[in-house]
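I have placed the structure first, in the form of structure tokens, so that the comments after it can refer back to it.
The values are calculated or read from the model by the stated rules, or taken from the named source; none is laboratory data. Just so it is clear, the model here is predicted, and its values are computed rather than measured. FYI the Cβ positions are ideal-geometry reconstructions off the backbone, even for glycines, and counts take in every protein chain you see.
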Ligand code: UN1
């Protein structure tokens, strides 16, 4: 394998990740040991190698957990606003590195630079959010039924939190977890995707710099690298009270079982099969832009990507034709070049899965309207560039029920809104959903209890591109977890209910008399 042409770029040096072999394991300030196994970070842009990253050995892993446990004892004693101050500095450091880190995300994951920078902006936003949250870890006070008693609750840190993240958002989703967990007083052990280990090292270096500058011990933010085996170290480890995992439903079921077997807690953010409903009252200009961003953005590799478009019969043909036209104008190529709207898929397995899905939809009786070709020729030598596809399909086709991590949009026809909502809900996943309508009744029906069954339900915006301020996650096989904003912080803490009797007698609850 030839080294990627991009590896010579200065931005890798500025991020401290320009070496051929990068440290695979870190407890914060000290990077150590290299096992025999390693991960090859390969850019989907040109198939070139960015770096080699050693897989964390079992021994190293145990040392990381020990260091994290020791750091937890100190970190949890630091008042929460003081933890917030460290997160504020991390946000500033990320601001300084937004361009470089965004570029690395584009290089290693393949999303366009604009979206890579957007991911870093998401990190900055969650830092700002977490700083505010650090002064708002509120517990309630409840009226006690007993005189001279006070009944209240408080929230305490949990311990080391394991974060397993996916390739498609190699930095942002980690920070949703890590920054919130950190203000809560937890320490974090991160296993990035084995497809994006260099992003892991780069973020770790940024965080470590801030910790070091503040004289903080190592072990607050920790990094381990590897695949399934290293993930299992985390999920089966009783020392890790909470695992937050993002990835496929298959992976999530394994995590839930292994962590569940020891009654460990999980936050799962798994696959989506997100639909947009276009009613006859939709503002089509708005809708079509949202559909194209949702289906083609990040080359269809977001868990929030738009996979199904449920279109009213009266506008179906018009929508199909206009989408085909819009797809023709999409520039596919090097995601680091200005003007590119769609970069490569992550690897050849993803290209294969897309091809198989297109075959399956046609075999089931669907129609491939446009796209699906694997691009060849200059600039496309890696074989990872595809044309986004539009198919006419039916919701019950087994392949339509699946999440294929590729830019395939299934057009599905409906006539009554109830039918559209039933189609939207008629999949096993429940992450994100949207309706485009200018009719209040349609919009509110979609948002009502008998409407969308997803964790995210939008009106007149697409399924992807959520802000960090809301709780992010979904229902059914999406896993039920919530991360990021709103009160998602509570999942990273333990709730303690306290009753203080400040009187001189001992009345019992429920009026029980028990005189001795
Ligand atoms: C993901 O794909 O795992 O809402 C996360 C969005 C982004 C996050 C996606 N803010 O599309």
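Out of everything in region 436-459 that is within 16 Å of the ligand (Cβ to nearest atom) and assigned to a loop (DSSP other than H, G, I, E, B), what residue ends up being farthest from residue 416 (Cα to Cα)? The residue in question is 455.
Residues are listed down the side, and each one gets a yes or a no for (1) in contact (Cβ under 8 Å) with a residue 24 or more places away in the chain; (2) more than 24 Å from residue 382 (Cβ to Cβ):
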| position | (1), (2) |
| --- | --- |
| 70 | yes, yes |
| 81 | yes, yes |
| 96 | no, yes |
| 110 | yes, no |
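In this structure, is residue 433 within 16 Å of the ligand (Cβ to nearest atom) and closer than 19 Å to residue 309 by Cα? Criteria met by residue 433.
Of the residues that sit in region 156-178 and are touching a strand residue (DSSP E or B) at 6+ places or on another chain (Cβ under 7 Å) and without any contact (Cβ under 8 Å) to a residue 60 or more places away in the chain, which one is farthest from the ligand (Cβ to nearest atom)?
Within region 156-178, the subset touching a strand residue (DSSP E or B) at 6+ places or on another chain (Cβ under 7 Å) is 156-158, 160-166, 173-174, 176-178.
From the residues that got through so far, the ones that are without any contact (Cβ under 8 Å) to a residue 60 or more places away in the chain too are 174, 178.
Numbers: 174: 11, 178: 15 Å.
For region 156-178, the residue satisfying everything is 178.
Looking across region 463-474, the residues that are crowded, with 16+ Cβ neighbours inside 10 Å and more than 9 Å from the ligand (Cβ to nearest atom) come down to 471, 473, 474.
If only residues of region 460-500 that are part of a strand (DSSP E or B), touching a residue at least 40 places away in the same chain (Cβ under 8 Å) and under 13 Å from the mean Cα position of the chain (by Cα) are counted, the one that is farthest from residue 402 (Cα to Cα) is 484. Checked against (1) more than 28 Å from residue 84 (Cα to Cα); (2) in contact with a strand residue (DSSP E or B) (Cβ under 6 Å, 6 or more places away or on another chain); (3) within 16 Å of the ligand (Cβ to nearest atom), residue 488 passes all but a single condition, namely (1). How about region 278-295: which of its residues are more than 13 Å from the ligand (Cβ to nearest atom), touching a residue at least 24 places away in the same chain (Cβ under 8 Å) and in a helix (DSSP H, G or I)? Those that are more than 13 Å from the ligand (Cβ to nearest atom), touching a residue at least 24 places away in the same chain (Cβ under 8 Å) and in a helix (DSSP H, G or I): 284, 286, 287, 288, 291, 292. Scan region 302-338 residue by residue and report those that are more than 16 Å from the ligand (Cβ to nearest atom), buried (at least 24 other Cβ atoms within 10 Å of the Cβ) and in a loop (DSSP other than H, G, I, E, B). Scanning region 302-338 gives a single hit, 335.
So which of 122, 153, 145 ends up being at pLDDT 95 or above and either within 16 Å of the ligand (Cβ to nearest atom) or part of a helix (DSSP H, G or I) (or both)? Lay out the reasoning, then the answer.
Working: 153 fails: either within 16 Å of the ligand (Cβ to nearest atom) or part of a helix (DSSP H, G or I) (or both); 145 fails: either within 16 Å of the ligand (Cβ to nearest atom) or part of a helix (DSSP H, G or I) (or both).
From the options 122, 153, 145, the qualifying one is 122.
If only one of 372, 426, 430, 451 is within 25 Å of residue 282 (Cα to Cα) and in contact with a helix residue (DSSP H, G or I) (Cβ under 6 Å, 6 or more places away or on another chain), which one is it?
Details: 372 fails: within 25 Å of residue 282 (Cα to Cα); 426 fails: in contact with a helix residue (DSSP H, G or I) (Cβ under 6 Å, 6 or more places away or on another chain); 430 fails: in contact with a helix residue (DSSP H, G or I) (Cβ under 6 Å, 6 or more places away or on another chain).
Answer to the check: 451.
Here's the yes/no breakdown for (1) surrounded by fewer than 18 Cβ atoms within 10 Å (Cβ to Cβ); (2) farther than 18 Å from residue 271 by Cα:
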| residue | (1), (2) |
| --- | --- |
| 143 | yes, yes |
| 148 | yes, yes |
| 153 | yes, yes |
| 156 | yes, yes |
| 160 | no, yes |
| 172 | no, no |
| 180 | no, yes |
| 184 | no, yes |
| 191 | no, yes |
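Conditions (1) modelled with pLDDT of 95 or more; (2) farther than 23 Å from residue 326 by Cα; (3) more than 26 Å from the chain's Cα centre (by Cα), marked per residue:
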{"site": "402", "(1), (2), (3)": "yes, yes, no"}
{"site": "435", "(1), (2), (3)": "yes, no, no"}
{"site": "439", "(1), (2), (3)": "yes, yes, yes"}
{"site": "445", "(1), (2), (3)": "yes, yes, yes"}
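Residues to consider are 275, 299; find the one that is within 16 Å of the ligand (Cβ to nearest atom), under 22 Å from residue 396 (Cα atoms), modelled with pLDDT of 95 or more and buried (at least 23 other Cβ atoms within 10 Å of the Cβ). After applying the criteria, what remains is 275.
Please enumerate the residues belonging to region 77-111 that are part of a loop (DSSP other than H, G, I, E, B) and either buried (at least 21 other Cβ atoms within 10 Å of the Cβ) or touching a helix residue (DSSP H, G or I) at 6+ places or on another chain (Cβ under 9 Å) (or both).
Going residue by residue through region 77-111, those that are part of a loop (DSSP other than H, G, I, E, B) are 77-79, 97, 110-111.
Across region 77-111, the qualifying residues are 78, 97, 110, 111.
If the condition is being under 22 Å from residue 98 (Cα atoms) and either in a strand (DSSP E or B) or within 16 Å of the ligand (Cβ to nearest atom) (or both), then region 204-256 contributes 221, 222, 223.
Residue check: is residue 406 within 27 Å of the chain's Cα centre (by Cα) and touching a residue at least 12 places away in the same chain (Cβ under 8 Å)?
Values: within 27 Å of the chain's Cα centre (by Cα): yes; touching a residue at least 12 places away in the same chain (Cβ under 8 Å): yes.
Answer is yes for this residue.
Does residue 429 count as under 21 Å from residue 476 (Cβ atoms) and either surrounded by fewer than 20 Cβ atoms within 10 Å (Cβ to Cβ) or touching a strand residue (DSSP E or B) at 6+ places or on another chain (Cβ under 9 Å) (or both)? Yes, satisfied.
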